[in-house]
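K.L.:
Quick one: the structure is below, questions incoming.
The values are calculated or read from the model by the stated rules, or taken from the named source; none is laboratory data. Just so it is clear, the model here is predicted, and its values are computed rather than measured. Cβ placement follows ideal geometry from the backbone for every residue including glycine, while neighbour counts extend to all protein chains displayed.
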Ligand SMILES: Nc1nc2c(ncn2[C@@H]2O[C@H](COP(=O)(O)OP(=O)(O)O)[C@@H](O)[C@H]2O)c(=O)[nH]1
Ligand SMILES: [Mg+2]
């Protein structure tokens, strides 16, 4: 490919990320004005993002007025799972985009009356790469991986762990049957981002879900 075309692609990409960052800052400001705490959950398909959100809302839906935004390429399966717990949801289908971006969230803010909401959970599109570049303007980002993804999943995806505040290593109920070194996974995450809070969980048994709740809703 000629050099000029390559540089044009890079410029476009940088513009896209800068625009996303600016809009994310606007989202952050508006959510703060509305006194809404917000969390962006990222991670691969099948890591347990929806299951973790379900186990959190089961615990706290009486204390908080929660809205869950579910991002997926297609279907509203996840939103339906969340709504079974009596929590309001908005399903965003991105079509072919592999991450939500701050424009999606700005549209939620613009089109939905958030005055009744004090906690916003966003389940990002299942992907360990794309969301790294696209912050949404939330207070926290939680990256969820599971032990069934193999013990190298963290060191292979450093950018997502750098852009997160909390790392969840899920499905620890399967530790007896999956041959992985959990301590090494924790060490990998700490090495990539020493500021990360790391919590090992089971959405199935509820193990350490209260610690996760404390961490994200301080
Ligand atoms: N054993 C076990 N299964 C889990 C756990 N969390 C989620 N799952 C299962 O893993 C599958 C994917 O979970 P889901 O929440 O849909 O993942 P998502 O794609 O990240 O939202 C489902 O069959 C869940 O029941 C867990 O902690 N332990
Ligand atoms: Mg899901």
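K.L.:
Restricting to region 118-145, what's the tally of residues that are more than 12 Å from ligand 1 (Cβ to nearest atom), closer than 22 Å to residue 19 by Cα and in a loop (DSSP other than H, G, I, E, B)?
P.N.:
7
K.L.:
Let me ask something else. Find the residue count for region 66-75, including only residues that are assigned to a loop (DSSP other than H, G, I, E, B), at negative phi and either surrounded by 16 or more Cβ atoms within 10 Å (Cβ to Cβ) or more than 17 Å from the chain's Cα centre (by Cα) (or both).
P.N.:
Pass one, region 66-75, residues assigned to a loop (DSSP other than H, G, I, E, B): 73-75.
Filter once more, so that each one left must be at negative phi: 73-74.
Remaining after also requiring either surrounded by 16 or more Cβ atoms within 10 Å (Cβ to Cβ) or more than 17 Å from the chain's Cα centre (by Cα) (or both): 74.
Residues flagged as assigned to a loop (DSSP other than H, G, I, E, B), at negative phi and either surrounded by 16 or more Cβ atoms within 10 Å (Cβ to Cβ) or more than 17 Å from the chain's Cα centre (by Cα) (or both) within region 66-75 amount to 1.
K.L.:
Got a number for residues in region 171-218 being farther than 18 Å from residue 61 by Cα and part of a helix (DSSP H, G or I)?
P.N.:
Going through region 171-218 one residue at a time, the tally reaches 14.
K.L.:
Output the residues belonging to region 76-97 that are surrounded by 15 or more Cβ atoms within 10 Å (Cβ to Cβ) and in a loop (DSSP other than H, G, I, E, B). Before you say what the answer is, go through the steps one by one.
P.N.:
Of all residues in region 76-97, those surrounded by 15 or more Cβ atoms within 10 Å (Cβ to Cβ) come to 76, 78-79, 81-83, 85, 87-92, 94, 97.
Hits for region 76-97 are 76, 85, 87, 94, 97.
K.L.:
Something else: Out of all the residues in region 146-165, which are within 21 Å of residue 201 (Cα to Cα), touching a helix residue (DSSP H, G or I) at 6+ places or on another chain (Cβ under 7 Å) and not in a loop (DSSP other than H, G, I, E, B)?
P.N.:
Within region 146-165, 147, 148, 158, 160, 161, 162 meet the criteria.
K.L.:
Being in contact with a strand residue (DSSP E or B) (Cβ under 7 Å, 6 or more places away or on another chain), surrounded by 15 or more Cβ atoms within 10 Å (Cβ to Cβ) and modelled with pLDDT under 95 is true for just one of 198, 217. Which residue is that?
P.N.:
On the way: 198 fails: modelled with pLDDT under 95.
One residue alone meets the criteria, 217.
K.L.:
Whether any residue in region 170-185 is closer than 24 Å to residue 26 by Cβ and surrounded by 20 or more Cβ atoms within 10 Å (Cβ to Cβ) is what I want to check. Don't jump to the end; show me each part of the working.
P.N.:
Keep residues of region 170-185 that are closer than 24 Å to residue 26 by Cβ, which gives none.
Among the residues of region 170-185, not one is closer than 24 Å to residue 26 by Cβ and surrounded by 20 or more Cβ atoms within 10 Å (Cβ to Cβ), which makes the answer no.
K.L.:
For region 186-215, which positions are touching a residue at least 40 places away in the same chain (Cβ under 8 Å) and within 16 Å of ligand 1 (Cβ to nearest atom)?
P.N.:
As a first pass, look at region 186-215 and keep what is touching a residue at least 40 places away in the same chain (Cβ under 8 Å): 201, 203-204, 206, 209-210, 212-213, 215.
If the condition is that a residue be touching a residue at least 40 places away in the same chain (Cβ under 8 Å) and within 16 Å of ligand 1 (Cβ to nearest atom), then 201, 203, 204, 206, 209, 210, 212, 213 are the ones that fit.
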